[in-house]
C-alpha cells in the first residue's frame, strides 16, 4: 500500500510533469504541422525565445497576461511569414535557414532584454484555473484539473489538430502536399498557400510556447529555452508526425523532468551527479527517438523545395 505522503508526492510530480510538458507540446504541434506539409523548421528554439521575451516584456509593462500571449503569438506569426518567404519563395536550404532563425532569436532576445530591461524582474504567472467538480475529484482533480489556462489550451489543441488533419479538406491538402506536392498541384491545390499557412501557424504556436514558458516561470533570462525547441523537433519524430504521438512524447519528457526535480529536492540525486541527472530527459528522448522513429516514415517531400514544372 502507498502511504499518504508518497501518494501526495506522486500526484504533485505528475501534475508538475503536465505543466512542464506544455511548452514542448505547443512547439511540437506547430512543427508537426509544418513538417506534414513538407517543410522543416530548425529555428523553433529561436522563435520560442523571441516569443518568450515579447510576452515577458508585454506583461512587465502592462501587467496583462493576455497581452503577453497575444504578443508572443504575434511575433511567432511574423517570423513565420519571413521564414515562409525564405524557404518557399526563395527556396533556401531549410536546415541552414532554420539555424539562421534560431541564431537570430537567440541574439535578438538577449539584446532586447539587455536594452529594455537589463536586470531580471519577476512577473506574475497565470493562476491555476480549477474546473468545477472535476478539480474536486480525489487524486485526479489535483493531477489533471488544477492547471493554468495555457495548459488546458495546449492539450485542447491536440484533438482539434487531429481532427483538422484527418477529417477536413485543409488537412487532406496538407498531408497530400507533404507526400506528393506535384500530384496535389495537378489537382488544383496551391502548394505555396498551404505551406505558407502551416509555417505561419506553426511559428505562431512556437511563439505561444515561448510565451507560456516565460509566463509560467515568471521571469526572462538569456537563452531561457535552453534548447527546448530542438527537443520539440525531436518529439515530432518521436510522435510520428501525429498530434497524439507528439502529446505522448511531450508528457514523457515533462514527467522525466519532474521526477528529476523531485529527486533533487529530496536529495536522492547527490549534487555531484546533478548535471548528469539534468541530462536524463534529453537522453531518454533520444533513446526513444532512435527506437520509435525507425518504425515510421517521414513525409516523402520533407525538406524538398517545390518548383512547379521543375
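The values are calculated or read from the model by the stated rules, or taken from the named source; none is laboratory data. Here the structure is a predicted model, which is why all the values come from computation and not from measurement. Note that each Cβ is placed from the backbone with ideal geometry, even for glycine, and that neighbours are counted across all protein chains shown.
Data table
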{"read-out": "Residues of the range 42-68 satisfying the condition of being farther than 16 Å from residue 219 by Cβ, part of a helix (DSSP H, G or I) and in contact with a helix residue (DSSP H, G or I) (Cβ under 7 Å, 6 or more places away or on another chain)", "value": "44, 45, 46, 47, 50, 67"}
{"read-out": "Residue in the range 118-147 that is surrounded by the most Cβ atoms within 10 Å (Cβ to Cβ), counting only those that are under 23 Å from residue 220 (Cα atoms) and in contact with a helix residue (DSSP H, G or I) (Cβ under 7 Å, 6 or more places away or on another chain)", "value": "147"}
{"read-out": "Every residue from the range 129-141 that is under 20 Å from residue 7 (Cβ atoms) and either assigned to a loop (DSSP other than H, G, I, E, B) or modelled with pLDDT of 85 or more (or both)", "value": "137, 138, 139, 140, 141"}
{"read-out": "Enumeration of residues in the range 193-227 that are more than 18 Å from the chain's Cα centre (by Cα) and either modelled with pLDDT of 95 or more or buried (at least 21 other Cβ atoms within 10 Å of the Cβ) (or both)", "value": "193, 194, 195, 196"}
{"read-out": "Residue in the range 173-181 that is without any contact (Cβ under 8 Å) to a residue 12 or more places away in the chain and in contact with a helix residue (DSSP H, G or I) (Cβ under 9 Å, 6 or more places away or on another chain) present", "value": "no"}
{"read-out": "Residue that is at pLDDT 95 or above, buried (at least 24 other Cβ atoms within 10 Å of the Cβ), out of contact with any strand residue (DSSP E or B) (no Cβ under 8 Å at 6 or more places or on another chain) and closer than 25 Å to residue 162 by Cα, where the choices are 58, 27", "value": "27"}
